[in-house]
Amino acid sequence: MKLEGVGHIGIIGAGMIGNSLAVLTTGHGYRTTCVDNRTEMFPEFKESYDGYFRQMIDEGLMPEKQLEICSRYLEYSGDYDDLAGCDVIFECVTENKELKHQIYSRIEQTCPKVKAICSVSSSIVPDVLAEKATRYKDRIIVTHPFNPAHMVPFFELCGGSATDLGALEFAKALLESLDRKPVILKKPA
């Protein structure tokens, strides 16, 4: 069941994890925008997204028509302005803290109502992720999926010293609405 108050999900980085998350979010009926600066890759990203669905269809996990239905909820964009109405953003870029800091700055400038910024980072702790944030320092958390995110239900969540507990609880509730099994860690490791 969709989480009340979530009408639009943003994903930054449309690679393997980003596309897997897009399958998960659109498969649960959430409008989803994937932003990536590699606009020339959009056909390949869409092919990967379709391929994830095709695997599930071929395994008998969903009907053929599901891909067409879910694709209607997905948009690829090279423009951060298309994230302006997002309630939550999943950041799925490479493990480069400077790049992540630039992205969080763009989110702070562009997304007036975002409740949580969920990094899929596996090696950068939340305090480092949030160290240059100003407006949304309290909303940056780690939501690390077990891969592929659209098939394996486990996520580990972790906040930092500035994290608002409401942001963690919101992210946990959202993941539960996606039929995931999130676990909130007591401290980053």
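The values are calculated or read from the model by the stated rules, or taken from the named source; none is laboratory data. None of the values given here were measured: they were computed from a predicted structure. Cβ sites come from the backbone with ideal geometry, for glycine too, and all protein chains shown count toward neighbours. In case anyone asks, the SASA skips ligands and DNA or RNA and just uses the protein heavy atoms, side chains included. Shrake-Rupley method; radii C 1.70, N 1.55, O 1.52, S 1.80 Å.
Answer with yes or no whether Val152 is modelled with pLDDT of 95 or more, β-branched (Val, Ile, Thr) and out of contact with any strand residue (DSSP E or B) (no Cβ under 6 Å at 6 or more places or on another chain).
yes
Looking at the stretch 156-175, which of its residues are of a type in the set (D, E, K, R) and open to solvent by 90 Å² or more (accessible area, probe 1.4 Å)? Write out each step before concluding.
Just the residues of the stretch 156-175 that are of a type in the set (D, E, K, R), to begin with: 156, 164, 169, 172.
Listed by number, the list holds a single entry, Glu169.
Give me the pairs, please: first residue somewhere in the stretch 154-179 and more than 26 Å from Gly27 (Cβ to Cβ), second residue anywhere and assigned to a strand (DSSP E or B) and open to solvent by 20 Å² or more (accessible area, probe 1.4 Å), beta-carbon distance under 9 Å, and either six or more positions apart or on two chains.
Going by the 9 Å Cβ cut-off, the qualifying pairs are Gly159/Ile184.
Looking at the stretch 87-100, is at least one residue modelled with pLDDT under 95, exposed (fewer than 15 other Cβ atoms within 10 Å of the Cβ) and within 23 Å of Ile184 (Cα to Cα)?
The answer is no; no qualifying residue exists.
Here is a list of conditions, (1) touching a Phe, Trp or Tyr at 6+ places or on another chain (Cβ under 6 Å); (2) surrounded by 19 or more Cβ atoms within 10 Å (Cβ to Cβ); (3) within 23 Å of Asp36 (Cα to Cα), and Pro182 meets all of them except one; can you say which number that is?
(3)
Within the stretch 1-29, take every residue that is in a loop (DSSP other than H, G, I, E, B) and closer than 16 Å to Cys111 by Cβ and give me the one that is modelled with the lowest pLDDT.
Restricting to residues being in a loop (DSSP other than H, G, I, E, B) and closer than 16 Å to Cys111 by Cβ, the top hit is Gly5.
Is there any pair with a first residue in the stretch 86-104 that is of a type in the set (S, T, N, Q) and a second that is outside any loop (DSSP other than H, G, I, E, B) whose Cβ atoms are under 9 Å apart and which are 6 or more apart or on different chains, and what are they?
Between residues of the stretch 86-104 that are of a type in the set (S, T, N, Q) and residues that are outside any loop (DSSP other than H, G, I, E, B), the close pairs are Thr94/Lys100.
Assuming Pro188 fulfils every condition listed in (1) closer than 14 Å to Val125 by Cα; (2) open to solvent by less than 40 Å² (accessible area, probe 1.4 Å) apart from one, which condition is it?
(2)
Please give the number of the condition Ala22 fails out of (1) of a type in the set (A, V, I, L, M); (2) within 20 Å of Asn147 (Cβ to Cβ); (3) open to solvent by 40 Å² or more (accessible area, probe 1.4 Å).
Every listed condition holds for Ala22 apart from (3).
Taking the residues in the stretch 38-86 that are touching a Gly at 6+ places or on another chain (Cβ under 7 Å) and not hydrophobic (A, V, I, L, M, F, W, C) as candidates, determine which candidate is surrounded by the most Cβ atoms within 10 Å (Cβ to Cβ).
Among those that are touching a Gly at 6+ places or on another chain (Cβ under 7 Å) and not hydrophobic (A, V, I, L, M, F, W, C), it is Tyr73.
Being within 15 Å of the chain's Cα centre (by Cα) and either within 18 Å of Gly15 (Cβ to Cβ) or in contact (Cβ under 8 Å) with a residue 60 or more places away in the chain (or both), is that true of even one residue in the stretch 123-141?
no
Of the residues that sit in the stretch 158-178 and are part of a helix (DSSP H, G or I) and of a type in the set (D, E, K, R), which one is nearest to Lys2 (Cα to Cα)?
Glu176
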